[in-house]
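Written below as structure tokens is the structure these notes are about.
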Ligand code: ARG
Ligand code: ZN
């Protein structure tokens, strides 16, 4: 039942135009779809027209306005086949269906959320609205007429430009929209209901005035101001950096509270999870603001990379997602601190994508087969896809990358394109050969680059031996060597860059070494002293390094590297080594500790007023428990990982106690709130200091005070996390949780934080809390944000609580998956991926995890989404 890339064929019919009329009704919406087709030149004149459906009932079918006799078509809930269609001339098919938006709990297609009609069509939701060639390579201009009760739905929105509207009978009205830009059905959107609006305008570079509208629930308008600001900055940035202008008279964003994902780039009418639109200082953290900025930008940037140029088929998903993530990363880097942004990206990449790539769900950035496409909206397609784009920019340089992008926009505007089309633009624009590089799209697994170094003083030569190996992944037992661009530098004893007189054994230009063979021995001549190697600067390639670099060298990099990312990496490497040693020592009955080298490097960094606070905060965050687990690779005991990490943090906290006190006092946590990056960085550093102080003092008083005195969510919520995670049973924590609940009980998005902070309390007692919180009146198993804040946070972010030795965490998740699956399979399948690293667990937990997975697998009537994930997980 898998779909294969190799089976791709264009449709036998070309869709010329789409004309949709919706008569909205909460339980019985009538959809009339008029489609003009003609037969594609050179195709079989007998070929039938096959339209996709999903749980549909056909209630009318016309060919050129007359009824079709039953022998001319075959219909099922998922398919409509029409035979005997004209060979030469265009024809019109009119399809009528009735759908029930209120019963649509999958949140795919047309559904109701809080009294609002809204749609989500990517990837295959449009076929839940009407029978249609629901695939991304079928593009057409759409006209959309919406008829609805006027009082309940003053707002009637769809893609494109507004054509007009009028009354319709006594209680109804209608609106018509026309989108002149041919688009695939997954970019269709309709929204109707009663919402408040924030309005602004933007004038494009060439002088088009664009109306900007962000629709939110009444009363929440002030909380959309930051999103509007981010939108205008995104529009300007895309003009300046990529030369891309907006192309309609209006751009709309609608925030809804029931949404399966982050947001959706429907042409001219983006639909967002409200969590990525709404923010004010009292209710949103700095991280929320940064997410809003990034996601507003991401969806806006899709207008060119995704909408104007779309994907030929879903195997090409990374063509739009990887590229658009790369674009939003660059945007945030330009708006904020580039080095700090890169560190945050790499943390996220490793946490999500490296974990995926190392487990049973590993797949190539450009897969060749899938059973359920919803399961391929993954960290690999998005984040590794972005890294692959970034490497093209690294290899070709800024100008070469720009030339390739310009050619891509010129050559493929209006197309449904492939990854090969994309890569060819960079080759053609630069006279480059990217054939070996393209393996990054096709080979799954994170490459391991092993580094060995030698310095020979008499000949003044420094030699690097680099080996690359790519682990086996499902369906790909052996791999070819790839083109890995490694940015590197050699540092002298006082931190200066040593320039080699010549380099042999590899291409080396502009500080980037191009590793292409499975082993390369690279010689740097004219190096007058033993250098300290700084390699994979700025994380130029998404690889794991195996490089047992000397502690002193890492400390040297931590202090002197000109590449800030590498300074952070050096500190992280020191810490990870201590934590891994700690895990070993704890199992041997010894104590875990932090090395003097780490303590010194970290505290020097924390105190260094010449470094930006956000960077210092990133250094203080140290590797996560998941980083330890991944580094172990197997036989992972989450309790030991937690204990070892905590011991390292504790040692740092004791040693730096006075410094942390000074930092906490100096970071202006009580200054008036502004969401800008440098203010956010100061809060991040102050908050990090508070975490260490809690460890050093072993007393909740300081965090309780910070909680009580905070006047913004960033500081307040951090204090609450410190209380909950370090002092879960203290009276101060109970009081703070109760105060927070009392203050924010009417704000669901803030209550999500309250659920999450409790779901992530380390230790085996948390499972009982989860069970109690599931009964909380504000918990709602039908709302994806609530479910993710409680069940998702517990399973993805609480290694010790979820991975209880007795398997109760896995059983809870399995029960939740089976509960959600019949209503919302996408949500259920996504929760299940929390177990993607189960094969790395020590045997007792591994056996419990496997039992839970098998219990899911053997349940009858699983959705295709959950079935696909569980089969691959056990496969
Ligand atoms: N295209 C959307 C975005 O990245 C996400 C859509 C997710 N769709 C899905 N079926 N999971 O901006
Ligand atoms: Zn996207």
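Quick look at the values:
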{"item": "Residue in segment 284-299 that is over 23 Å from residue 753 (Cβ atoms) and in contact (Cβ under 8 Å) with a residue 24 or more places away in the chain present", "result": "yes"}
{"item": "Total residues in segment 408-433, condition touching a helix residue (DSSP H, G or I) at 6+ places or on another chain (Cβ under 7 Å) and surrounded by 18 or more Cβ atoms within 10 Å (Cβ to Cβ)", "result": "10"}
{"item": "Among the candidates 782, 786, residue that is more than 18 Å from the chain's Cα centre (by Cα), closer than 22 Å to residue 863 by Cα and not in a helix (DSSP H, G or I)", "result": "782"}
{"item": "Residues (assigned to a helix (DSSP H, G or I) and surrounded by 22 or more Cβ atoms within 10 Å (Cβ to Cβ)) located in segment 854-867", "result": "856, 865, 866"}
{"item": "Selection status of residue 135, farther than 27 Å from residue 182 by Cβ and surrounded by 15 or more Cβ atoms within 10 Å (Cβ to Cβ)", "result": "no"}
{"item": "Residues within segment 361-378 that are closer than 20 Å to residue 630 by Cα, away from ligand 2 (no atom under 16 Å from the Cβ) and out of contact with any strand residue (DSSP E or B) (no Cβ under 9 Å at 6 or more places or on another chain), tallied", "result": "1"}
{"item": "Residue that is farthest from ligand 1 (Cβ to nearest atom) [pool: residues in segment 275-288 that are assigned to a helix (DSSP H, G or I) and in contact with a helix residue (DSSP H, G or I) (Cβ under 7 Å, 6 or more places away or on another chain)]", "result": "286"}
{"item": "Any hit, segment 617-625, residues being surrounded by fewer than 22 Cβ atoms within 10 Å (Cβ to Cβ), under 16 Å from residue 568 (Cβ atoms) and either out of contact with any helix residue (DSSP H, G or I) (no Cβ under 8 Å at 6 or more places or on another chain) or at pLDDT 95 or above (or both)", "result": "yes"}
{"item": "Residue count for segment 62-74, restricted to those that are surrounded by 10 or more Cβ atoms within 10 Å (Cβ to Cβ) and without any contact (Cβ under 8 Å) to a residue 24 or more places away in the chain", "result": "5"}
{"item": "Test: residue in segment 161-182 that is touching a helix residue (DSSP H, G or I) at 6+ places or on another chain (Cβ under 7 Å) and over 30 Å from residue 403 (Cβ atoms)", "result": "no"}
{"item": "Qualifying residue in segment 188-199 (condition: in contact with a strand residue (DSSP E or B) (Cβ under 8 Å, 6 or more places away or on another chain), outside any strand (DSSP E or B) and surrounded by fewer than 19 Cβ atoms within 10 Å (Cβ to Cβ))", "result": "yes"}
{"item": "Some residue of segment 536-550 being farther than 19 Å from residue 446 by Cβ and touching a helix residue (DSSP H, G or I) at 6+ places or on another chain (Cβ under 6 Å)", "result": "no"}
{"item": "Residue 291 vs. criteria surrounded by fewer than 23 Cβ atoms within 10 Å (Cβ to Cβ), within 14 Å of ligand 2 (Cβ to nearest atom) and not in a loop (DSSP other than H, G, I, E, B)", "result": "yes"}
{"item": "Residue 145 being touching a strand residue (DSSP E or B) at 6+ places or on another chain (Cβ under 6 Å), over 30 Å from residue 372 (Cα atoms) and outside any strand (DSSP E or B)", "result": "no"}
{"item": "Some residue of segment 334-344 being more than 17 Å from residue 563 (Cβ to Cβ), outside any helix (DSSP H, G or I) and either touching a residue at least 60 places away in the same chain (Cβ under 8 Å) or touching a strand residue (DSSP E or B) at 6+ places or on another chain (Cβ under 6 Å) (or both)", "result": "yes"}
{"item": "Any chance residue 367 is touching a helix residue (DSSP H, G or I) at 6+ places or on another chain (Cβ under 7 Å) and either within 15 Å of ligand 1 (Cβ to nearest atom) or without any contact (Cβ under 8 Å) to a residue 12 or more places away in the chain (or both)", "result": "yes"}
{"item": "Residue in segment 377-390 that is within 16 Å of ligand 1 (Cβ to nearest atom), touching a helix residue (DSSP H, G or I) at 6+ places or on another chain (Cβ under 7 Å) and not in a helix (DSSP H, G or I) present", "result": "yes"}
{"item": "Any hit, segment 261-283, residues being crowded, with 24+ Cβ neighbours inside 10 Å, out of contact with any strand residue (DSSP E or B) (no Cβ under 7 Å at 6 or more places or on another chain), at pLDDT 95 or above and farther than 23 Å from residue 119 by Cα", "result": "yes"}
{"item": "Matching strands (runs of 3 or more DSSP E) fully within segment 435-519 where at least 1 residues are touching a residue at least 40 places away in the same chain (Cβ under 8 Å), surrounded by 14 or more Cβ atoms within 10 Å (Cβ to Cβ) and out of contact with any helix residue (DSSP H, G or I) (no Cβ under 8 Å at 6 or more places or on another chain)", "result": "448-456, 461-469, 484-491, 512-515"}
{"item": "Test set (1) crowded, with 23+ Cβ neighbours inside 10 Å; (2) out of contact with any helix residue (DSSP H, G or I) (no Cβ under 6 Å at 6 or more places or on another chain); (3) more than 30 Å from residue 40 (Cβ to Cβ) - residue 111 fails condition number", "result": "(2)"}
{"item": "Number of the condition not met by residue 266 [criteria: (1) touching a residue at least 24 places away in the same chain (Cβ under 8 Å); (2) within 10 Å of ligand 1 (Cβ to nearest atom); (3) outside any loop (DSSP other than H, G, I, E, B)]", "result": "(3)"}
{"item": "Matching residues, segment 551-571, being out of contact with any helix residue (DSSP H, G or I) (no Cβ under 6 Å at 6 or more places or on another chain) and surrounded by fewer than 21 Cβ atoms within 10 Å (Cβ to Cβ)", "result": "552, 553, 559, 560, 562"}
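Yes/no per residue for (1) within 16 Å of ligand 2 (Cβ to nearest atom); (2) crowded, with 19+ Cβ neighbours inside 10 Å:
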site: 56; (1), (2): no, yes
site: 97; (1), (2): no, yes
site: 115; (1), (2): no, no
site: 125; (1), (2): yes, yes
site: 128; (1), (2): no, yes
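Each row is one residue, and each column tells you yes or no for (1) within 15 Å of ligand 1 (Cβ to nearest atom); (2) at negative phi; (3) in contact with a strand residue (DSSP E or B) (Cβ under 8 Å, 6 or more places away or on another chain).
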| site | (1), (2), (3) |
| --- | --- |
| 213 | no, yes, yes |
| 219 | no, no, yes |
| 238 | no, yes, no |
| 298 | yes, yes, yes |
| 302 | yes, yes, no |
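A quick yes/no check of all residues on (1) under 30 Å from residue 679 (Cα atoms); (2) surrounded by fewer than 24 Cβ atoms within 10 Å (Cβ to Cβ):
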| residue | (1), (2) |
| --- | --- |
| 308 | no, yes |
| 331 | yes, no |
| 344 | yes, yes |
| 360 | no, yes |
| 369 | no, yes |
| 379 | yes, yes |
| 386 | yes, no |
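The values are calculated or read from the model by the stated rules, or taken from the named source; none is laboratory data. Remember, predicted model here, so these are calculated numbers, not experimental data. Reconstructed Cβ throughout: ideal geometry from the backbone, glycine too, with neighbour counts over all protein chains shown.
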